[in-house]
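Please treat every number below as a calculation from the coordinates, not as lab data. It should be emphasised that the depicted structure is a prediction, and the values quoted were computed from it without experimental measurement. Quick reminder, even Gly has a Cβ in these numbers, built from the backbone with ideal geometry, and neighbours come from all protein chains shown.
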Amino acid sequence: MENNNFLSAFKRIIRECNYDNTYKMAWAKALVELAIENRNQEDFIDIPLKEIAKKYIKYYWNQTIFFDNVQGSSLNKIPVILQIVKELIEKYYNYIENRKPERFERVEYLLEEQLKQDYFDNINKVAKALKADVCWRFIIINGESHEEIYKYIKNENKIIISKDNMNTLKENNEDLFDLINYRWGLILETFNSSPRINKKVKIIDEQEVKRNSLSKYKKYLDVENPNHKCFICGEVIEEKEITIDHVIPWSYLYSDDLWNLVYVHKGCNSRKNNVIPTKLDIEKLKTRNNKLLLLLQDKIITGKEVDELKLAIEKDYVNKFWIGCKN
């Protein structure tokens with residue numbers, strides 16, 4: 001298979017894959033990333049399934065720990081690899097004794113040193129799942145297996161790919177990453193009701209998932225809550241314990257909006273984590289928003305945030321996004 005034909009076939013697999021889960025997207029992305037990293041100049045290059053498994057853990061870790069994206073079509077049966085990664089995340093949380101999300105790249109050293117057995121057990125489990133369900137299936141086009149793309153060596157748990165094909169992936173990596181992320185986002189849109197899916201997929205390729213400072217919202221929140229009473233427990237918050245919280249989790253909205261921000265204790269915020277708010281919380285937030293808007297208008301305070309608060313009340317964003325989050 002000439003390189004242009006190889007590239008066409010690779011893109012075709014990405015475009016035409018089924019929407020049962022995102023395994024093929026992660027596989028394609030791993031191959032492109034490994035091609036970029038490759039320093040082997042032999043005509044044919046061995047890639048152990050464990051090396052691809054490490055990439056899977058990174059992709060699903062980052063998408064899950066920040067956004068908890070659903071990666072399969074069945075709500076009752078989580079894809080095996082996602083289950084494995086979620087188990088590893090929970091072991092990481094238990095080890096650090098908090099639930100602050102961190103990119104995989106920042107904590108891999110900790111997993112290798114402090115949770116070594118768990119981490120390498122999970123790599124083996126993911127590699128086993130890839131062997132059973134992905135590596136041989138990826139190269140099937142219209143019922144035919146195309147070993148010109150790469151050859152799967154079942155007994156040795158590896159694939160063999162030509163240097164020319166690896167170089168083609170490397171040379172076209174930017175276009176391929178864009179295509180893979182776009183298709184990954186389209187697949188996720190069939191499983192997830194949350195907004196900004198494609199941004200959530202693409203942001204994982206960047207060096208860090210940035211959380212903007214919420215301090216600019218204090219001047220608005222203080223208008224309605226000058227005594228800094230905690231939205232969760234109702235008690236007054238000491239200055240050193242004040243934090244601003246997203247009532248509907250940030251991981252769902254991936255957005256900072258005045259209509260969704262409240263003062264809470266740091267401890268209350270930490271315990272709440274990504275829990276979906278109750279109906280009572282939602283009604284309390286809607287009441288707060290109506291009161292806040294009236295006070296801002298009385299004080300003739302204007303600006304983009306005030307306009308967005310008014311629009312959120314008119315469009316009933318609180319209820320709409322809450323229902324979507326629950327789904």
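A compact table of results
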read-out	value
Choice from ILE237, ILE300, ILE81 with maximal GNM fluctuation in the chain (Cα, 10 Å cutoff)	ILE300
Mean Cβ count within 10 Å, highest first, over the residues of peptides 101-114, 173-186	173-186, 101-114
Ordering of 282-289, 261-268 by burial proxy (mean other Cβ atoms within 10 Å per residue, highest first)	261-268, 282-289
Inter-label distance for LYS304 and ASN98, nm, one decimal - labels placed 7 Å from Cα along Cα-to-Cβ	2.9
Amide proton proximity set for THR243, modelled H, under 5 Å, gap of 5+	VAL264, LYS266
Evaluated over the stretch 215-326, the Cα radius of gyration and Dmax, each in Å	13.2, 37
Protection proxy ranking, peptides 23-35, 4-16, average beta carbon neighbours within 10 Å, highest first	23-35, 4-16
Per-residue HN-Hα couplings for the stretch 170-183 [Karplus 6.51, -1.76, 1.60; θ = phi - 60°; Hz; x = Gly/Pro]	5, 5, 10, 4, 5, 5, 5, 4, 4, 5, 4, 5, 5, 5
Pairwise centroid distance, computed over Cα atoms, of the stretch 222-294 with the stretch 136-166, Å	52
Relative counts (whole %) of C-alpha pair distances in the chain, using bins that are 10 Å wide	5, 23, 28, 20, 13, 8, 3, 0
Ranked TRP322, TRP250, criterion: other C-beta atoms within 10 Å, fewest first	TRP250, TRP322
Full-extension gain in nm, LYS77 to LEU186, via 0.36 nm per residue minus C-alpha separation	37.2 nm
Inter-part distance where the stretch 189-204 and the stretch 1-43 are each reduced to a Cα centre, Å	22
Distance between modelled label sites at ALA9 and ASP205, nm, 7 Å Cα→Cβ extension	2.4
If the convex hull is drawn through the Cα atoms of the stretch 1-107, its volume per residue in Å³	126
Zone of TYR19's modelled label, taken as backbone nitrogen in the stretch 63-77 under 15 Å from a point 7 Å along Cα→Cβ	70-75
Two-site label geometry, LYS151 and LYS219: point separation in nm, points 7 Å out along Cα→Cβ	6.8
GNM top mover of SER194, SER270, SER251 - the chain, alpha-carbon springs below 10 Å	SER270
The chain - mean residue ellipticity at 222 nm from DSSP helices (-39,500 (n - 2.57) per run, n ≥ 4, rounded to 500)	-18000 deg cm²/dmol
R0 of 41 Å, Cβ-Cβ distance LEU110-GLU235: FRET efficiency to nearest 0.05	0.70
